[in-house]
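Asks: There's a structure below that I have some questions on.
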Amino acid sequence: MSDILVKIRDLHFSRGNRKIFDGLSLDIPRQGVSAIMGPSGTGKTTLLKLIGGQLRPDSGSIEVDGLDVHQLSTGKLFELRQRMGMLFQSGALLTDLSVFENVAYPLREHTRLSESMLRHLVLLKLNAVGLRGAAELSPSELSGGMARRVALARAMALDPMMIMYDEPFTGQDPISMGVLVSLISELNNALKICSIIVSHDVPETMSIADQIHIISAGKVVESGSPDSLRKSESAWTHQFIHGDADGPVPFHYPAEPLLDDLLLDGSHTG
Amino acid sequence: MVLFSGLLNKFQYLGAVTLHSFQRLGRGSLFLLEVLMGSANLFTRPMLLVKQLYAVGVQTLIIIIVAGLFVGMVMALQSYYALVDFGAEDSVGVMVALSLLRELGPVITALLFAGRAGSALTAEIGLMKATEQLSGMEMMAVNPMKRVIAPRFIAGFISMPLLATIFSAVGVMGAYLVAVEMLGLDSGSFWSQPQNTVDLYLDIYNGVIKSLVFGFVATWIAVFEGYDCIPTSEGLGQATTRTVVHSSLAILFLDFVLTALMFAK
């Protein structure tokens, strides 16, 4: 069995005329926490959707566990997805089901477990994220952080080989953020799975990632451990990690010189 | 030159709109095919359908009953005022019954259905898309076409003829209240004339066929608009509006076509 779980080669993907990925290649190991980082709008979430087979690339390939995701039939792709968990930014809980039923949903769909066995499993998963007591609540009664923890319990319901996290820390208060950071790290260590975190929250992600890939302009700019990236001499990586306002990524959106705009007689291009 | 350029722009716009419309029709047709294929799944999961029959059918019942009652009552009044001058007021019953069974039952029910159930379906599915619930299902290896769209589509298709039947029945009762209880027409002639005149095939079956067609089209438009909407609050608002407008126009157009086909001499 190869140590590489996700192998991306020469990936090209566009939305309309906008190029999102322009020959992106990277490997993600079978175990450990891998992070994909970059500024907003660089296509991090798109990359997760491409890995999960929800989007098709213009060219290039993505292999997960040796299977080319975009060459699989729908049936085979769905079989593969049963071994992939995904935590969406919004949680994506089904709003007409309770917390318990949300976590039970993939088990009811894909297994023939008895009701008592299913109940045990769901309660164990909820206990792992600290929300066993919230089993009967509806998703609308949960805070943002709790919703993500329920979604995490649901993502690991089928004991997947990998879990993809889409911006898990965005918009969280410090306590919820701390809980999520330790949960992701502990679950990854306990289950010995592959965790892929897509995020632009630098300190939190760097605190738990084993390997980080920084992407910009459709390519991997730099890869390495958090320590090596902190010491990076790349001006781009330095600006991103330290959050500098100006640098290779300019403060100003591309525009005509200010004087030219000011001298225009009131008309504008918008 | 300016005139030529303006004309060219108009042609360009017309071409773009036509292409866009055909593109959507193509997407909608493929979507329908996928939904119909996904419907087979409901034989093994009947509870999915039952839940939607309640949401789409039962919850629309009140508005259908109230509207049917008033439409029947108004029709009885209008027919009476028109017929009484010719001494033909005994025909109020048959006039109301035929109007409801052939036209008003299926058409008004379908228009109300598009406004109440259709817009709700679009909003619900659109919101599920906006909150990534549909994507979440896909990533859990669950096909939303089978679990979300197909039960709603089939529920709409089944509910429409039942609702139209109830609308017509309540409408006739409303007409009875006004014609017999309020205006003092003879109860025997109110009921006997429709009994002798209404034809099972020509009037009742054709009405049911119309409501089946309207139900199919209105629910197809509603679920497609929800699934295809731009997942923002503005996109969702536009999709809901499109559902009501397109369904209503499609129902009225199809009513004309079906009437021309069914009642041609």
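Asks: Suppose the chain between A:Ser2 and A:Asp227 were pulled fully straight at 0.36 nm per residue; how much longer would it get relative to their current alpha carbon spacing? Could you put the intermediate results ahead of the total?
Replies: On the way: separation 225, 0.36 × 225 = 81.00 nm, distance 2.60 nm.
Gain on extension, A:Ser2 to A:Asp227, equals 78.4 nm.
Asks: Another question about this same structure. Loop-only GluC sites (Glu not before Pro) in the range B:125-197, please: DSSP not H, G, I, E or B, and at most 15 other Cβ atoms within 10 Å.
Replies: Values: sites: B:Glu132, B:Glu138, B:Glu181; in loops: B:Glu132.
Sparse-neighbourhood loop GluC sites (Glu not before Pro): none present.
Asks: What does the average come to when, for each residue of peptide B:124-134, you count the partner chain Cβ atoms lying within 10 Å of its Cβ? Walk me through the intermediate numbers first.
Replies: Numbers: counts 2, 0, 0, 1, 4, 0, 1, 8, 9, 9, 1.
Mean inter-chain Cβ contacts per residue within 10 Å come to 3.
Asks: Quick one: if the Förster radius is 35 Å, what FRET efficiency do A:Lys76 and A:Ser25 give, using the C-beta to C-beta distance and rounding to 0.05? Spell out each step's value before the answer.
Replies: Values: r = 24 Å, r/R0 = 0.68.
That pair, A:Lys76 with A:Ser25, gives E of 0.90.
Asks: Under a cut-off of 13 Å between alpha-carbon atoms, report the aspartates and glutamates in cross-link reach of B:Lys210, not counting same-chain residues fewer than 8 places apart.
Replies: B:Lys210 reaches B:Glu103, B:Asp255.
Asks: Let me know the shape class of the range B:7-77, please: from the alpha-carbon gyration tensor, a ≥ b ≥ c as square roots of the eigenvalues, rounded when a/c is under 1.5, otherwise prolate if a/b is greater than b/c, or oblate. Write out the running numbers ahead of the final one.
Replies: Working: a/c = 4.82, a/b = 1.34, b/c = 3.60.
Oblate shape, in that a/c is at least 1.5 and b/c is the bigger or equal ratio.
Asks: To continue, here is another question. Given contacts defined as C-alpha pairs under 8 Å and at least six residues apart, what's the relative contact order of the range A:147-270, whole-number percent?
Replies: Working: 97 pairs, mean separation 19.2, N = 124.
Relative contact order comes out at 15 percent.
Asks: To continue, here is another question. Run the numbers for A:Arg56 and A:Leu97: contour at 0.36 nm per residue of separation, minus the present Cα-Cα distance, in nm. Don't skip to the end; give the middle numbers.
Replies: On the way: separation 41, 0.36 × 41 = 14.76 nm, distance 3.07 nm.
Extra length available between A:Arg56 and A:Leu97 comes to 11.7 nm.
Asks: Tell me which aspartates and glutamates have Cα within less than 13 Å of A:Lys44's Cα, excluding those fewer than 8 residues away on the same chain?
Replies: A:Asp166, A:Glu167, A:Asp201
Asks: For chain B, calculate the relative contact order in percent as a whole number, restricting contacts to Cα pairs under 8 Å that are 6 or more residues apart.
Replies: 31 percent
Asks: Let me ask something else. With each label point set 7 Å from Cα along the Cα-Cβ vector, what nm distance links A:Ser143 and A:Ala245?
Replies: 3.2 nm
Asks: Moving to a separate point now. Within a 10 angstrom radius of each residue's Cβ in A:41-54, how many Cβ atoms of other chains show up on average? Whole number is fine. Could you put the intermediate results ahead of the total?
Replies: On the way: counts 0, 0, 0, 0, 0, 0, 0, 1, 3, 0, 0, 3, 2, 3.
For this peptide, the per-residue mean of nearby foreign Cβ atoms is 1.
Asks: Tell me, which longest segment in chain A has none of the GluC sites (Glu not before Pro) that fall in DSSP loops with at most 13 further Cβ atoms within 10 Å?
Replies: Numbers: sites that count: A:Glu136, A:Glu233.
Longest gap between qualifying sites, sites excluded: A:1-135.
Asks: How high is the FRET efficiency from B:Asp85 to A:Glu136, r the C-beta distance, R0 56 Å, rounded to 0.05? The partial results should precede the final answer.
Replies: Numbers: r = 67 Å, r/R0 = 1.20.
Step by step, r from the Cβ atoms, then E = 0.25.
Asks: When a/c is below 1.5 the answer is rounded, else prolate if a/b is larger than b/c, else oblate, so apply that to the range A:62-173 with a ≥ b ≥ c taken from the square roots of the Cα gyration tensor eigenvalues. Let's see the in-between values first.
Replies: Details: a/c = 2.22, a/b = 1.34, b/c = 1.65.
Because a/c hits 1.5 or more and a/b fails to exceed b/c, the range A:62-173 counts as oblate.
Asks: Any idea what the alpha-carbon Rg over 2.2 N^0.38 Å comes to for the range B:145-212? Display every interim value, and only then the final one.
Replies: On the way: Rg = 16.9 Å, N = 68, 2.2 N^0.38 = 10.9 Å.
Here the answer is 1.55, to two decimals.
Asks: Sticking with the crude label model, points 7 Å out along Cα→Cβ, report the distance from B:Val58 to A:Arg15 in nm, one decimal please.
Replies: Output for this residue pair reads 4.1 nm.
Asks: Which chymotrypsin sites (Phe, Trp or Tyr not before Pro) from the range A:170-269 combine a DSSP loop assignment with at most 12 other Cβ atoms within 10 Å? Don't skip to the end; give the middle numbers.
Replies: Values: sites: A:Trp236, A:Phe240, A:Phe251; in loops: A:Phe251.
Sparse-neighbourhood loop chymotrypsin sites (Phe, Trp or Tyr not before Pro): A:Phe251.
Asks: Would you mind checking the radius of gyration and Dmax of the protein assembly as shown based on alpha-carbon positions, in Å?
Replies: Cα radius of gyration and Dmax of the protein assembly as shown are 30.1, 101 Å respectively.
Asks: Note down the nm distance, to one decimal, between modelled labels 7 Å out along Cα→Cβ at A:Lys192 and at B:Phe263.
Replies: Distance between label points: 7.6 nm.
Asks: Compute the Rg/Rh shape ratio of the range A:2-62: radius of gyration over Kirkwood radius, all on alpha-carbon atoms. Intermediate values should be presented prior to the final figure.
Replies: Details: Rg = 11.7 Å, Rh = 12.1 Å.
On the Cα set of the range A:2-62, Rg over Rh gives 0.96.
Asks: Would you mind finding the longest exposed-site-free stretch of chain A, with exposed trypsin sites (Lys or Arg not before Pro) meaning DSSP loop and at most 13 other Cβ atoms within 10 Å?
Replies: On the way: sites that count: A:Arg112, A:Lys192, A:Lys231.
Of all site-free stretches, the longest is A:1-111.
Asks: For the range B:8-144, what does the alpha-carbon gyration tensor say about shape, rounded, prolate or oblate, given a ≥ b ≥ c as the root eigenvalues, a/c under 1.5 as rounded, and a/b over b/c as prolate? Provide the component values of the computation, followed by the final result.
Replies: On the way: a/c = 3.11, a/b = 1.63, b/c = 1.90.
Note, shape of the range B:8-144 comes out oblate.
Asks: Sum -39500 (n - 2.57) across every DSSP H segment of at least 4 residues in the protein assembly as shown, then divide by the residue count to get the 222 nm mean residue ellipticity, nearest 500. List each step's numbers first, then the result.
Replies: On the way: 21 runs with 291 residues, N = 535.
Helix contribution divided over all residues of the protein assembly as shown: -17500 deg cm²/dmol.
Asks: Hey, another quick one. Using Cα positions and a limit of under 12 Å, work out the aspartates and glutamates in reach of B:Lys51, with same-chain residues fewer than 8 apart set aside.
Replies: Result set, ordered by chain and number: A:Asp96.
Asks: Using all Cα-Cα distances in chain B, what percent lands in each 5 angstrom bin from 0 up to the longest?
Replies: Histogramming chain B at 5 Å steps yields 1, 6, 11, 14, 15, 13, 11, 9, 7, 6, 4, 3, 1, 0, 0, 0 percent.
Asks: Additional query: Taking Rh as the Kirkwood radius computed over C-alpha pairs, what is the Stokes-Einstein D of the range A:1-135 at 10 °C in a medium of viscosity 1.306 mPa s, expressed in µm² per second? Please list the in-between numbers first.
Replies: Working: Rh = 17.2 Å.
Calculated translational D: 93 µm²/s.
Asks: Now for a separate question. For a 24 Å ceiling on Cα separation, which of these pairs sit above it: A:Lys7/B:Lys129; A:Lys7/A:Lys192; A:Lys192/A:Lys219; A:Lys7/A:Lys231; A:Lys192/B:Lys146? Working shown, then result.
Replies: Working: A:Lys7/B:Lys129 29 Å; A:Lys7/A:Lys192 19 Å; A:Lys192/A:Lys219 29 Å; A:Lys7/A:Lys231 27 Å; A:Lys192/B:Lys146 34 Å.
Over 24 Å Cα-Cα: A:Lys7/B:Lys129; A:Lys192/A:Lys219; A:Lys7/A:Lys231; A:Lys192/B:Lys146.
Asks: Let me ask something else about it. Mind pulling up the Rg/Rh value for chain A? Radius of gyration and Kirkwood radius, both on Cα. Walk me through the intermediate numbers first.
Replies: Details: Rg = 20.7 Å, Rh = 20.2 Å.
Ratio of gyration radius to Kirkwood radius for chain A: 1.03.
Taken together, the values in this text are just the output of simple stated rules run on the coordinates, not laboratory data. Note that the coordinates shown come from a computational prediction; the quantities given were computed from them, not determined experimentally. Note that each Cβ is placed from the backbone with ideal geometry, even for glycine, and that neighbours are counted across all protein chains shown.
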